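Enquirer: Please find one structure pasted underneath; my questions will follow.
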Amino acid sequence: MEIVLSGIRPTGDLHLGNYFGALRNFVKMQDDYKCNFFVADYHSLTTHPHPEDLRINVKKILSQYIASGLDPEKSTIYVQSDVPEVCELYMLMNMNAYIGELERTASFKEKARQNPDNVNAGLLTYAVLMACDILIQKADKVPVGKDQEQHLEMTCRFARRFNNIYGVEYFKEPKAFSFSKDLIKVPGLDGTGKMGKSTNNGIYLIDEDKDIRKKVMKAVTDSGPTEPNQAKPEVIQNLFTLMDLVSDRSTIEHFENAWNDCSIRYGDLKKQLAEDIIRTVAPIREHIKDIYNDDAYLERVAREGAEKARVQAAKTVKEVRQIIGFK
Ligand code: ADP
Ligand code: TRP
């Protein structure tokens, strides 16, 4: 069975973009692949989170992963720092990663521009650590969004380079897992594009019904269509894109028709959209509440996940040490 792996940095609560863009697909993959899903807490240290915030955010992601349908019985769910073997591989792989290529990484350049006072070595070698997450588990497929594609290309380059230097066929090159037609961009409610944590335009999996209603009712719209069958401006298309994700066919058709014959009332559309979003979010939210405070359960999931992940991780590091010449 092919191995799938993905990680997410613990930087806050998960939103509908994370759910429809990533999690929902992960849930479906669990029956067809040997899946590894982990919380990339080492990676989050580049921004020096407060220890208590780090602890809470790891717990949040773990509980929100599970409540969204990732199943610890089917998949290996773990916290990166519970598998310290990756640190040794990271140190070893850093010897073959060149400053020039690391400095040219798009994510590095962007972060360095945003925070010129915190251009640390961990940020520079972010892609090396991510490559090690993948290579240490011998992953075949990595489901990634557009922003992570370059990191995956670098993973392949580091794998090839290691094989070349030591004259071995050891690391295999992982492939980006594309959801093709399922890969959607979930828009925000403020008309500025993608839903994201940093843009503060999101609906979160922990939002209460009344918060969801309030956010949707406040979504940006325009003054309405002026002639039949007009193309939709972006702010309106965004609402329809969300509807496509959460509403029934008949509801979508109803509002499409109303748009086309100019009888649409945005207030009605938003009310319906809010209820349909609630239908998706409410059961997940209630599940999150059940498990977030169950420390014993979360600790057990993390411990058992780490135990499983460490078997392959230790094997990889041992083999790499031998290839390098540590006997
Ligand atoms: P954020 O943009 O909120 O910081 P992350 O970068 O942590 O989110 O994203 C984690 C995962 O969720 C990625 O795989 C990304 O592809 C997916 N994702 C995040 N936002 C969206 C969105 N608006 N639409 C689709 N997928 C998204
Ligand atoms: N860099 C990824 C992000 O910012 C998170 C991540 C860390 C990851 N290690 C990974 C994703 C390994 C996939 C595979 O979203």
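Bear in mind these aren't lab numbers, they're just calculated from the coordinates by the rules spelled out. Keep in mind it's a predicted model, so treat the numbers as computed, not measured. As a convention, Cβ positions derive from the backbone with ideal geometry for all residues, glycine included, and neighbour counts pool all protein chains shown.
Enquirer: Could you tell me whether segment 209-288 comes out rounded, prolate or oblate from its Cα gyration tensor? Rule is a ≥ b ≥ c as square roots of the eigenvalues, rounded for a/c under 1.5, then prolate if a/b exceeds b/c, otherwise oblate. Spell out each step's value before the answer.
Expert: Working: a/c = 2.63, a/b = 1.92, b/c = 1.37.
Prolate, because a/c is 1.5 or more and a/b exceeds b/c.
Enquirer: Separate question: Rg and Dmax of segment 167-239, using alpha carbons, in Å: what are they?
Expert: 19.1, 68
Enquirer: Normalising by the residue count of the chain, find the relative contact order in percent from Cα pairs under 8 Å and 6+ residues apart.
Expert: Relative contact order comes out at 24 percent.
Enquirer: While we're on this one: Answer with one residue from GLN30, ALA159, ALA127: the one whose Cα lies farthest towards the positive end of the charge dipole of the chain, charges on Cβ with Lys, Arg +1 and Asp, Glu -1.
Expert: Most positive-ward Cα: ALA159.
Enquirer: Place +1 on the Cβ of every Lys and Arg and -1 on the Cβ of every Asp and Glu in the chain, take the dipole about the Cα centre, and give the residue among VAL58, THR241, CYS87 whose Cα lies farthest towards its positive end.
Expert: Farthest towards the positive end: CYS87.
Enquirer: Please list, ordered by chain and number, the residues whose modelled amide H lies under 5 Å from the amide H of CYS35; skip anything fewer than 5 residues away on the same chain.
Expert: Sorted by chain and number, the residues that satisfy this are VAL4, THR76.
Enquirer: Let me ask another. If the cut-off is a Cα-Cα distance under 16 Å, which aspartates and glutamates reach LYS74, setting aside same-chain residues fewer than 8 apart in sequence?
Expert: Filter leaves GLU2, ASP31, ASP32, GLU304, GLU307.
Enquirer: With θ taken as phi - 60° and the coefficients 6.51, -1.76 and 1.60, list the Karplus ³J(HN,Hα) couplings across segment 114-123 in order, rounded to whole Hz; mark glycine and proline as x.
Expert: Values per residue, Gly and Pro as x: 5, 10, x, 8, 9, 8, 8, 5, x, 5 Hz.
Enquirer: Would you mind checking LYS60/LYS232; LYS185/LYS315; LYS109/LYS232; LYS141/LYS271; LYS34/LYS59 for any pair whose Cα atoms are more than 31 angstrom apart?
Expert: Flagged as over cut-off: LYS60/LYS232; LYS185/LYS315; LYS109/LYS232; LYS141/LYS271.
Enquirer: Under a crude label model (7 Å from the Cα following the beta-carbon direction), how far is ILE324 from ASP53 in nanometres?
Expert: It is 3.3 nm.
Enquirer: Per-residue HN-Hα couplings for segment 7-13, Karplus 6.51 cos²θ - 1.76 cosθ + 1.60 at θ = phi - 60°, whole Hz, x for Gly and Pro?
Expert: Listing the rounded values in order: x, 9, 6, x, 10, x, 6 Hz.
Enquirer: Can you tell me which of 49-60, 201-212 comes out highest on packing, and rank the rest after it, using the mean Cβ neighbours within 10 Å? Could you put the intermediate results ahead of the total?
Expert: Numbers: 49-60: 15.0, 201-212: 19.0.
Listed from highest to lowest mean packing, they are 201-212, 49-60.
Enquirer: Compute a Gaussian network model of the chain, connecting alpha carbons closer than 10 Å, and tell me which residue from LEU62, LEU269, LEU152 fluctuates the most.
Expert: Residue with maximal mean-square fluctuation among LEU62, LEU269, LEU152: LEU269.
Enquirer: Could you give the length gained on full extension between GLU153 and ASN260, defined as 0.36 nm per residue of separation minus the Cα-Cα distance, in nm? All intermediate terms of the calculation are to be shown ahead of the outcome.
Expert: Working: separation 107, 0.36 × 107 = 38.52 nm, distance 4.40 nm.
Length gained, GLU153 through ASN260: 34.1 nm.
Enquirer: Just how large is the dipole of the chain about the Cα centre, in debye to the nearest 20, putting +1 at every Lys and Arg Cβ and -1 at every Asp and Glu Cβ?
Expert: Value, rounded to 20: 720 debye.
Enquirer: Full extension from GLU173 to LYS185: what is 0.36 nm times the residue separation minus their Cα-Cα distance, to one decimal in nm? Write out the running numbers ahead of the final one.
Expert: On the way: separation 12, 0.36 × 12 = 4.32 nm, distance 2.69 nm.
In short, 1.6 nm is gained.
Enquirer: Using the Cα centre as the reference, give the magnitude of the dipole from point charges on the C-beta atoms of segment 1-148 (Lys, Arg: +1; Asp, Glu: -1; all else neutral), rounded to the nearest 20 debye.
Expert: 340
Enquirer: What does the charge dipole of segment 209-288 about its Cα centre add up to, to the nearest 20 debye, if the Cβ of each Lys and Arg holds +1 and the Cβ of each Asp and Glu holds -1?
Expert: Using Cβ point charges on Lys, Arg, Asp and Glu, segment 209-288 gives about 420 debye.
Enquirer: Ranked by Cβ crowding within 10 angstrom, fewest neighbours first, how are LYS175, LYS197 ordered?
Expert: Ranked by crowding around the Cβ, least crowded first: LYS175, LYS197.
Enquirer: While we're here: Would you list CYS132, CYS262, CYS156 from fewest to most Cβ contacts within 10 Å?
Expert: CYS262, CYS156, CYS132
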